Amino acid sequence: MNQDRRSFVRTTAALSTLAGLGFHTSNAADNQSTVNFALVGLGSLSTNQIAPALQKTKHAKLVGIVTGTPAKEKIWADKYGIEKQNIYNYDNFDQLVDNEAIDVVYIVLPNGMHKEFTIRGAKAGKHVLCEKPMANSAADCQAMIDACRENQRKLAVGYRCQFEPHHLHCRELANSQKYGPLKAIEAGFGFKIGDPNQWRLKADLAGGGALMDVGIYALQACRFLTGEEPVAVTAQETKTDAKKFAEVDETITWTMTMPSGVNCYCSTSYAFGGINRFNAYGDRGSFGLDPAFSYGGITGTSKDGPIKFPEIDQFAAEIDAFAQCILQDRQSTVAGEEGLRDLRVIEAIYASIENGKRIAIESGKG
Ligand code: NAD
């Protein structure tokens, strides 16, 4: 098996080098118009959003599943026509190396498991789409990027909002400076979290609390609108329930300064809901979305009136975009490096809370 895997990886690397030199190769997704996905982790997001989205995609197809719950195997096989040989569990996951019917593994596990399954997926010769946040730490993100690079596989992070028309329009308003150069952005995302025993409240599985889970959307919005990386952050945390939030953060507010001077005022919380928005302020007017980060119903306003586009399935758009990157051998706009940049800022936010100080983020590494 190890020998097989080594020779597969060597072959893949050699084929990729040939492709780089302009030779035609028969690498995984060549001669295909559709890329075949296996979902890893069949929890809430896979069940309610991603599997339904994979029924709407043009360039991607759901053909496999990886689950630790045997009872789910038949349910999913019946519902989505998954063939028996494309059903795996967390122990025999590495046997994917022998399955050419699967091109991509989409990692939809608790955050603390993203690193392990991304690396194992890449070593099994699969491209990887990984849910957000990419991993528990920047070091883990780097290890995932390295593993995918070494195995000549593509890696992308599930930043669905970057494919959403309202978000794209807002970025265009920012880029075109329709309301003048941006001066400030306010962004926040939070919800009241329930079950005190869930993995989202456990440090090893979640990597952090509200900031890692939903604050990352506010951070993403600021980076996406400006196209810049923060040079410094200042952050504070508030905890109203020390027992429930013993391991992870509950509510955080933070400010970020962009190189152009744009100041970002952000917040995230697990203690209360109703905050799901961003607003960007230029010299000559403002624009924003509220709700901004939901699966649907995104709506916004600008100085010139409402911002409203037809609703899309954000997951289908994100998956199709990654599938096209594979089919056309292009780097994703939400590649692993994009997830790494967010984790670097998140680590600076936690460091600021810890030290009570403004934290400078090294230029080019933000
Ligand atoms: P979930 O708890 O509903 O599902 C997690 C899955 O992992 C379950 O099938 C569970 O059985 C499995 N699992 C395997 N080992 C586990 C362990 N040790 N502890 C707990 N579960 C384990 O979670 P979810 O809401 O589906 O989130 C999964 C991932 O998707 C997370 O990384 C989350 O941040 C991300 N997510 C992204 C979005 C988005 O909009 N892009 C939305 C929700 C969740």
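Here are the numbers for this structure:
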{"quantity": "Of 210, 242, 321, the one that fluctuates the most in a GNM where the chain has Cα springs shorter than 10 Å", "calculated": "242"}
{"quantity": "On Cα atoms only, tilt of 314-327 relative to the major axis of the chain in degrees", "calculated": "50"}
{"quantity": "Sequence of 258, 113 from largest to smallest accessible area, 1.4 Å probe", "calculated": "113, 258"}
{"quantity": "FRET efficiency for residue 91 and residue 309, using Cβ-Cβ distance with R0 set to 35 Å, rounded to 0.05", "calculated": "0.20"}
{"quantity": "The range 287-298 - phi-based ³J(HN,Hα) in whole Hz, Karplus 6.51/-1.76/1.60, Gly and Pro as x", "calculated": "8, x, 10, 7, x, 9, 10, 6, 5, x, x, 5"}
{"quantity": "Fluctuation leader among 137, 286, 44 - the chain, Gaussian network, Cα springs under 10 angstrom", "calculated": "44"}
{"quantity": "Taking N as its residue count, the alpha carbon Rg of the range 135-211 over 2.2 N^0.38 Å", "calculated": "1.55"}
{"quantity": "Where no second cysteine Cβ lies under 4.7 Å, the cysteines concerned in the chain", "calculated": "130, 141, 148, 161, 170, 266, 325"}
{"quantity": "Residue among 352, 294, 269 with the largest mean-square fluctuation in a Gaussian network model of the chain, springs linking Cα atoms under 10 Å", "calculated": "294"}
{"quantity": "Sulfur and carbon atoms: percent of accessible area, the chain [1.4 Å]", "calculated": "50"}
{"quantity": "Qualifying lysines (Cα of each under 20 Å from Cα of residue 202; at least 8 residues distant if same chain)", "calculated": "115, 132, 192, 239, 243, 244"}
{"quantity": "Convex hull volume per residue for the range 60-195, taking Cα atoms only, in Å³", "calculated": "179"}
{"quantity": "Dipole in debye (nearest 20) - the chain, about Cα centre, beta carbon charges: Lys, Arg +1; Asp, Glu -1", "calculated": "260"}
{"quantity": "For q = 0.11, 0.22, 0.23, 0.25 Å⁻¹, Debye-computed log10 I/I(0) when each Cα of the range 172-254 counts as one equal scatterer", "calculated": "-0.39, -1.04, -1.10, -1.24"}
{"quantity": "Set of the range 75-104 residues, backbone N closer than 12 Å to the point 7 Å along the Cα-Cβ line of residue 34", "calculated": "81-82"}
{"quantity": "Phi-based couplings in Hz for the range 190-205 (Karplus 6.51, -1.76, 1.60; Gly and Pro marked x)", "calculated": "x, 7, 7, 7, x, 2, x, 9, 6, 4, 4, 9, 10, 4, 5, 8"}
{"quantity": "Kirkwood Rh, Cα atoms: Rg over Rh of the range 39-107", "calculated": "0.92"}
{"quantity": "Backbone HN-Hα couplings from phi across the range 73-84 [Karplus 6.51/-1.76/1.60, Hz, Gly and Pro as x]", "calculated": "4, 5, 4, 6, 4, 5, 5, 10, x, 7, 6, 3"}
{"quantity": "P(r) weight above 20 Å for the range 297-366, C-alpha pairs, percent", "calculated": "60"}
{"quantity": "Cα-based Rg and Dmax for the range 253-325, where Dmax is the largest Cα-Cα distance (Å)", "calculated": "15.2, 40"}
{"quantity": "Value of D in µm² per second that Stokes-Einstein yields for the range 138-282, Kirkwood Rh from Cα pairs, at 4 °C (1.567 mPa s)", "calculated": "78"}
{"quantity": "DSSP bridge pairs, the chain: antiparallel proportion in percent, nearest 5", "calculated": "60"}
{"quantity": "Tilt relative to the chain, helix 114-123 - C-alpha long axis, 0 to 90 degrees, to 10", "calculated": "30"}
{"quantity": "Per residue accessible area in Å² of the chain, where ligands, DNA and RNA are left out and the probe is 1.4 Å", "calculated": "44"}
{"quantity": "Two-site FRET efficiency, residue 243 against residue 357, from Cβ-Cβ distance with R₀ of 35 Å, rounded to 0.05", "calculated": "0.80"}
{"quantity": "Mean projected area in nm² (Cα convex hull; one quarter of hull surface) for the range 200-325", "calculated": "9.9"}
{"quantity": "Kirkwood hydrodynamic radius over Cα pairs of the chain, then Stokes diffusion coefficient at 37 °C and 0.692 mPa s, in µm²/s", "calculated": "154"}
{"quantity": "Using alpha-carbon coordinates, inclination of helix 336-355 to the longest axis of the chain, degrees", "calculated": "40"}
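The values are calculated or read from the model by the stated rules, or taken from the named source; none is laboratory data. The structure displayed is predicted, hence computed values, not measured ones. In this analysis, Cβ positions are derived from the backbone assuming ideal geometry, glycine residues included, and neighbour counts consider all displayed protein chains. Note: areas computed on protein heavy atoms with side chains; ligands, DNA, RNA excluded. Shrake-Rupley method; radii C 1.70, N 1.55, O 1.52, S 1.80 Å.
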